[in-house]
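Student: Mind having a look at this structure? Questions to follow.
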């Protein structure tokens with residue numbers, strides 16, 4: 001990060017610390033070089049920038065092996081291959097080599113062999129929580145989701161994918177949508193009408209597929225809302241129920 005107009009503003013990632021500069025919500029190195037323009041930027045403190053950057057540094061290399069987007073081949077052959085030769089990424093390269101395997105997958109109704117790599121999906125979800133916080137700040141009037149807000153990430157497959165579709169088509173105060181790098185990173189988000197910290201998001205990162213996902217991308221959903229929802233053990237569907245009924249959710 002470099003010092004700029006964001007320095008001193010509250011960190012967009014909700015830690016309560018002042019920012020020391022800007023951070024790209026979507027890390028530039030996920031994209032090939034000619035697709036890195038106009039990425040959303042937010043104020044960030046050094047600690048949050050460092051934690052998010054460590055997740056990005058690992059996942060931009062690992063997830064690329066399962067990427068299905070317009071620049072997937074170029075990204076893997078030019079950028080990822082070059083980065084994995086760097087001594088700084090030796091640990092990631094060893095983990096990739098140790099976890100590599102083969103399996104059969106069905107795509108478009110046809111079985112084919114594919115290489116597999118192991119992914120720590122909890123790290124993907126944690127990164128998506130950072131991204132959701134950043135996009136809330138970027139799209140919704142510089143709103144910071146602070147310690148009073150719960151940010152929950154989950155795999156948007158099967159029943160949870162249906163859940164997100166209902167959020168997407170329901171009433172909303174505002175909506176956000178983006179497709180950066182021809183499918184490298186695409187997303188949508190909605191903000192509830194009666195409480196600005198209640199938002200729902202869905203992210204597709206590199207068009208990644210997983211072994212259990214078949215033809216469909218393995219997307220990540222993120223829901224944000226008052227922390228007491230999580231503390232009371234209220235599940236995602238309860239949040240949707242309240243959203244659809246128009247019940248006010250107070251932070």
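Student: So which residues in segment 143-171 are in contact (Cβ under 8 Å) with a residue 12 or more places away in the chain and part of a loop (DSSP other than H, G, I, E, B), if there are any at all?
Tutor: Selection gives 143, 144, 145, 146, 147, 148, 156, 157, 170, 171.
Student: Restricting to segment 30-56, and then to whatever is assigned to a helix (DSSP H, G or I) and at pLDDT below 90, can you tell me which residue is nearest to residue 80 (Cα to Cα)?
Tutor: My answer is 33.
Student: Under 7 Å between Cβ atoms, at least 6 apart or on separate chains: pull out the pairs that start in segment 38-52 with a residue that is without any contact (Cβ under 8 Å) to a residue 12 or more places away in the chain and end on any residue that is part of a loop (DSSP other than H, G, I, E, B) and crowded, with 21+ Cβ neighbours inside 10 Å.
Tutor: none
Student: Let me ask another. Could you tell me which numbered condition residue 97 fails, if it satisfies all but one of (1) assigned to a helix (DSSP H, G or I); (2) at pLDDT below 75; (3) surrounded by 12 or more Cβ atoms within 10 Å (Cβ to Cβ)?
Tutor: Failed condition: (3).
Student: Follow-up. Can you name the condition, by its number, that residue 226 falls short on among (1) out of contact with any strand residue (DSSP E or B) (no Cβ under 8 Å at 6 or more places or on another chain); (2) surrounded by fewer than 20 Cβ atoms within 10 Å (Cβ to Cβ); (3) at pLDDT 80 or above?
Tutor: (1)
Student: Which condition number does residue 151 fail, the rest of (1) within 16 Å of residue 129 (Cβ to Cβ); (2) surrounded by fewer than 23 Cβ atoms within 10 Å (Cβ to Cβ) being met?
Tutor: Here residue 151 clears every test but (2).
Student: Continuing with this model, one more query. Quick one: would you say residue 4 is part of a helix (DSSP H, G or I) and either in contact with a strand residue (DSSP E or B) (Cβ under 8 Å, 6 or more places away or on another chain) or crowded, with 17+ Cβ neighbours inside 10 Å (or both)?
Tutor: Against the criterion (part of a helix (DSSP H, G or I) and either in contact with a strand residue (DSSP E or B) (Cβ under 8 Å, 6 or more places away or on another chain) or crowded, with 17+ Cβ neighbours inside 10 Å (or both)), residue 4 does not qualify.
Student: Which of the residues spanning segment 172-192 are part of a loop (DSSP other than H, G, I, E, B) and touching a strand residue (DSSP E or B) at 6+ places or on another chain (Cβ under 9 Å)?
Tutor: Passing the criteria: 172, 173, 183, 184, 192.
Student: Which residue out of 181, 170, 214 is at pLDDT below 90 and out of contact with any helix residue (DSSP H, G or I) (no Cβ under 9 Å at 6 or more places or on another chain)?
Tutor: 214
Student: Got a sec? Which of 26, 59 is assigned to a helix (DSSP H, G or I) and either touching a strand residue (DSSP E or B) at 6+ places or on another chain (Cβ under 9 Å) or farther than 23 Å from residue 182 by Cβ (or both)?
Tutor: Exactly one residue qualifies, and that residue is 59.
The values are calculated or read from the model by the stated rules, or taken from the named source; none is laboratory data. Here the structure is a predicted model, which is why all the values come from computation and not from measurement. Note: ideal-geometry Cβ built from the backbone for every residue, glycine included; neighbour counts use all protein chains shown.
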